[in-house]
Amino acid sequence: MQSVNPHSQQQFASYDPYDDSQVERLITAADGAFQGWRGTSFAARAALMRAAARVLRRRAEELAALMAAEMGKVLKDGVAEIGKCADCCDFYADNAEKFLADRRIATDAAHSYVACDPLGVILAVMPWNFPFWQVFRFAAPSLMAGNVGLLKHASNVCGCALAIQDIFEQAGFPPHVFTTLLVEGSRVEPIIRHRLVRAVTLTGSTPAGRSVAGIAGSELKKSVLELGGSDAYIVLEDADLALAVQTCVKSRLVNGGQSCIAAKRFIVVRPVLEEFTRRYVEAFNAVRIGEPTDAQSDFRPMARLDLRDEVHAQVCKSVAQGALLLTGGTIPDLPGAYYPPTVLGGVRPGMTAFDEEIFGPVAAIIAADDEAHAIALANRSDFGLGSALFTSDKAKADRIARQIDAGCVFVNALVKSDARLPFGGVKHSGYGRELSSFGIQEFVNIKTVYHAAASKT
Ligand code: NAP
């Protein structure tokens, strides 16, 4: 398993995958750790989770440099990602006990209540695009609930994967409460099937989700899937166009265009289509592309050459299907995995740029005849992760929000995750929720406890 710098294409680290006996030993050790961890108090877990937050904040610069080297994240974005992980740790340290508190329910019993008990060893299969945030938003609630975590991270970010285990160890968590397993995707199946692994969560592509869910289903194990998206941003005639363009540009280019909740389809009603497109292309052309470690650059290489080539193939296919290449679309003559911010106009259903997720800096602009047509186009997708809506009419926004098939609708704002709000999708974007009180309840045994009324003698 190799770490290759996306800018230079130099390999700078390699890791031997763990062999089967090592994996077996670590799963058994994780289960052993669970037997002690499940009995700890929320206060004890919270103290350790706050310590993890402190370790993260102290090591932010170093961890951001690791992300820049392994998957090309711009340094300032890496520092922000680590800060968000630390905030998530604090959030669950503060709230887990409240979210999972016993709930008394009046029945014919003398006393009946619902308790949320931990499940045990939970496997997390994670992607490289937010190598810390994706993991912490699973780990903070799961560990606070009393579960223990096994991480199978993406093969190109082994350094980040090991750093995360190290952070929990430095914070003082007992050994094996959080364990990184260096294994390739092809070796996930026996881990899911392992009798001591109780559930699995995967953040990644729809095909990987389908495979993991199938295996988990055949073992009758719970799964949570956070998969791809092709988020629609609807721009209506009464939108603040400057805000819409600025937000739509930012959301498409976040993390080099490699975010599940990046805006991907821009559905614009005809009266403002021409002006929106002109300003959008202008903004894309002004983006400064550079090395992840260059403070002046707003844009960086993609994470891997194969991913860049896949994006380019999708662009070429869309153009062959009739989409208009308005800017970008040419691979630059650089060694790194660079792809220029690219805008496609005249995109319609049936074209690759409409039907598939493009996981790179490519915007698809789609014309809508009116509001109803815009909603229909937004929903005409296999995906349903995020969405956004630009209008100055609040009542209209609320009405439209309820008609969109997605896990969230942001009005006049960029779609983002927030520890206080549930995050997840519908359709091929997956199922289950992360974050907030909903996320922490995914991997618990919701248990009924019933005390019979004292019998009359
Ligand atoms: P990916 O290829 O699906 O990889 C994600 C993880 O799954 C990696 O750890 C990978 O391991 C593993 N994996 C791949 N195929 C597998 C299989 N058949 N069985 C078990 N594990 C498997 O996705 P990616 O290219 O890294 O990430 C991009 C995708 O993730 C996009 O579709 C994006 O939208 C989605 N994503 C979704 C969210 C969300 O919250 N909804 C967040 C971020 C990303 P290897 O690296 O060893 O192959």
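Just so it is clear, none of the values below were taken in a lab; they were calculated from the coordinates. Just so it is clear, the structure is predicted and the values come from calculations on it, not from any experiment. Positions of Cβ are generated from backbone atoms using ideal geometry, with glycine treated the same way; all protein chains shown enter the neighbour counts.
Just a few scattered comments:
- Proximal charge balance of S387 [Cβ under 9 Å; K/R count +1, D/E count -1]: -2
- Exposure proxy shown here: for V74, V157, V272, V114, the number of other Cβ atoms within 10 Å sets the order, fewest to most, as V114, V272, V74, V157.
- Listed residue pairs exceeding 18 Å between alpha carbons, taken from K76/K264; K73/K264; K317/K416; K264/K416: K76/K264; K73/K264; K317/K416
- Counted by Cβ distance under 12 Å from G425, the other residues give a net charge of -4, where Lys and Arg count +1 and Asp and Glu count -1.
- Shape of the range 231-411, Cα gyration tensor, a/c cut at 1.5: prolate
- Vicinal HN-Hα couplings computed from phi for the range 304-321 (Karplus, 6.51 cos²θ - 1.76 cosθ + 1.60; Hz; Gly/Pro x): 8, 4, 5, 6, 4, 5, 5, 4, 4, 4, 5, 5, 4, 5, 5, 5, 4, 7
- In terms of surrounding Cβ atoms within a 10 Å radius of their Cβ, T247, T107, T203 rank from fewest to most as T107, T247, T203.
- The residue among A374, F34, Q314 whose Cα reaches farthest toward the positive pole of the charge dipole of the chain, with charges on the beta-carbon of Lys, Arg, Asp and Glu, is F34.
- Excluding same-chain neighbours fewer than eight residues apart, the lysines reachable from K98 by a Cα-Cα span under 19 Å are K447.
- For peptides 55-67, 284-296, sequence by mean Cβ density within 10 Å, most packed first: 55-67, 284-296
- Cα gyration tensor, the range 78-166 - rounded (a/c under 1.5), prolate or oblate: prolate
- In degrees, nearest ten, helix 158-171 long axis to first principal axis of the chain (Cα): 40
- Net charge dipole size for the chain [Lys, Arg +1 and Asp, Glu -1 on Cβ; Debye, nearest 20]: 1060
- Relative contact order (%) - the range 231-411, alpha-carbon pairs under 8 angstrom, separation at least six: 29
- By DSSP, the beta bridges lying fully in the chain are antiparallel in about 35 percent of cases.
- Summing charges over all other residues whose Cβ lies under 13 Å from the Cβ of R348, with Lys and Arg as +1 and Asp and Glu as -1, gives 0.
- All aspartates and glutamates inside 12 Å of K84 as judged from Cα atoms, apart from same-chain residues fewer than 8 positions distant: D418
- Interchain or long-range residues, amide H under 5 Å from V426's placed H: G384, L385, G407
- With neighbour counts taken as other beta-carbon atoms within 10 Å, the residues T391, T330 rank, fewest first, as T330, T391.
- In the chain, the longest principal axis of the Cα atoms and the axis of helix 20-37 are about 60 degrees apart.
- Couplings for the range 405-413, taken from phi via the Karplus curve 6.51 cos²θ - 1.76 cosθ + 1.60 with θ = phi - 60°, read 8, 7, x, 7, 10, 9, 9, 6, 7 Hz in order; Gly and Pro are left as x.
- The range 79-127: C-alpha gyration tensor shape, a/c 1.5 cut-off, then a/b vs b/c: oblate
- With Cα atoms, 0 to 90° folded angle of helix 241-253 axis to the chain main axis: 60
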